[in-house]
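Each remark here refers to the structure printed beneath this line.
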Amino acid sequence: MIDANIVQAAQKELARRDLFYYCCLTAPEFYMEERTYLKELCDDLQQFLHSDEDVLIVNEPPYHGNSRTADKFVEWVLGNDKSQKIMTGSYNETLSTVFSKSVRNTIQELKAADDKLVFSDIFPDVSIKDGDAAMNLWSLDGSYMNYLATSTTATGFGANILIVDDLIKSSLEANNARVLEGHWEWFTNTMLSRLESGGKIIIIMTRWHSNDLAGKALTYMADMDFKVRHVCLCS
């Protein structure tokens, strides 16, 4: 009979190496092998992280676990490299705060059962810095300002990874040219100004309109000398 400690050690090592396995191990009720779309998204994110590409645009239908997987990706990235600085943006401050709290709370989660692995089991050297754990802006021990969630401004924060998640909240917004142009101006003037040299951009959104942020990024970012990867699982 294989020793349980040996099994757990192997699981933790594999979780550090593979994003989808990390998701399966920490959220097994949602991440299952038969949900191939989740594995594909995890694989795309991990491959992009280690590639020479600058921009990943992911277009998937609603309720496909996109936002949850973006959260798990941030956890996994910071677990493997706590020097990373990540900024996420969404359509309002409430949603941005939910994302930020989810990642922060996962890192802080206390172990409640011996048979359930938590973040600190897999990444024991990574923890939230005491006194620097605001809902939307927090740091890891030994680092400074690792995570910012924003819907408007990002003053004073430089990021290695920018994640924009579902800016459009309704069909009414999707068909408002002024709103769509505002999204593009916010992205180019605010978000891109915070991207550090060699940094990466991830845009995750359901497509609503040809001129939404994903559409504009696909049209213009290659002309701005960004290497772009596009993943589309739209029906």
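Rule-based calculations on the coordinates, nothing more; no lab input. Predicted model only: the values in this text are computed from it and were never measured. Every residue, glycine among them, receives a Cβ derived from its backbone with ideal geometry; neighbour counts consider all protein chains shown.
Using the charge dipole of the chain (Lys, Arg: +1 at Cβ; Asp, Glu: -1 at Cβ; taken about the Cα centre), state which of Phe48, Ala113, Ile202 has its Cα farthest towards the positive end.
About the Cα centre, the residue reaching furthest to the positive side is Ile202.
Quick one: putting +1 on the C-beta of Lys and Arg, -1 on the C-beta of Asp and Glu, what dipole do you get for the range 1-119 around its Cα centre, in Debye to the nearest 20?
In total the dipole reaches around 460 debye.
What is the set of long-range amide H partners of Ser127 at a cut-off below 5 Å, with H atoms built 1.01 Å from backbone N?
Asp141
Please list, in chain and number order, the residues 5+ apart from Ile203 or on another chain whose amide H is under 5 Å from its amide H, with Hs placed from the backbone.
Amide H to amide H, under 5 Å and 5 or more residues apart or across chains, Ile203 pairs with Leu56, Ile57, Val58, Val164.
Spelling out what I want: for every residue of the range 116-128, take phi, set θ = phi - 60°, compute 6.51 cos²θ - 1.76 cosθ + 1.60 (Karplus), and round to whole Hz; glycine and proline get x.
10, 7, 10, 3, 5, 5, 7, 10, x, 9, 10, 8, 6
Based on the alpha-carbon gyration tensor of the range 167-211 and its eigenvalue square roots a ≥ b ≥ c, which shape applies: rounded if a/c is under 1.5, prolate if not and a/b is larger than b/c, or oblate?
Cα axes put the range 167-211 in the prolate bin.
Hey, what number do you get for the chain at 222 nm if only DSSP H runs of n ≥ 4 count, each worth -39500 (n - 2.57), divided across all residues, to the nearest 500?
Helix-only estimate at 222 nm: -11500 deg cm²/dmol.
Picking from Leu172, Leu38, Val7, whose Cα lies most toward the positive end of the charge dipole for the chain (charges on Cβ: Lys, Arg +1; Asp, Glu -1)?
Value computed over the given set: Leu172.
So, R0 is 25 Å and r is the distance between the beta-carbons of Ala112 and Glu33; what FRET efficiency does that work out to, to 0.05?
In this case the efficiency is close to 0.50.
Describe numerically, in nm with one decimal, the distance between label points set 7 Å from Cα along Cα→Cβ at Asp130 and at Asp223.
If labels sit at Asp130 and Asp223, their model points lie 5.4 nm apart.
Provide the three semi-axes, in whole Å and in decreasing order, of the ellipsoid equivalent to the chain as defined by the square roots of 5 times the Cα gyration tensor eigenvalues.
31, 20, 16
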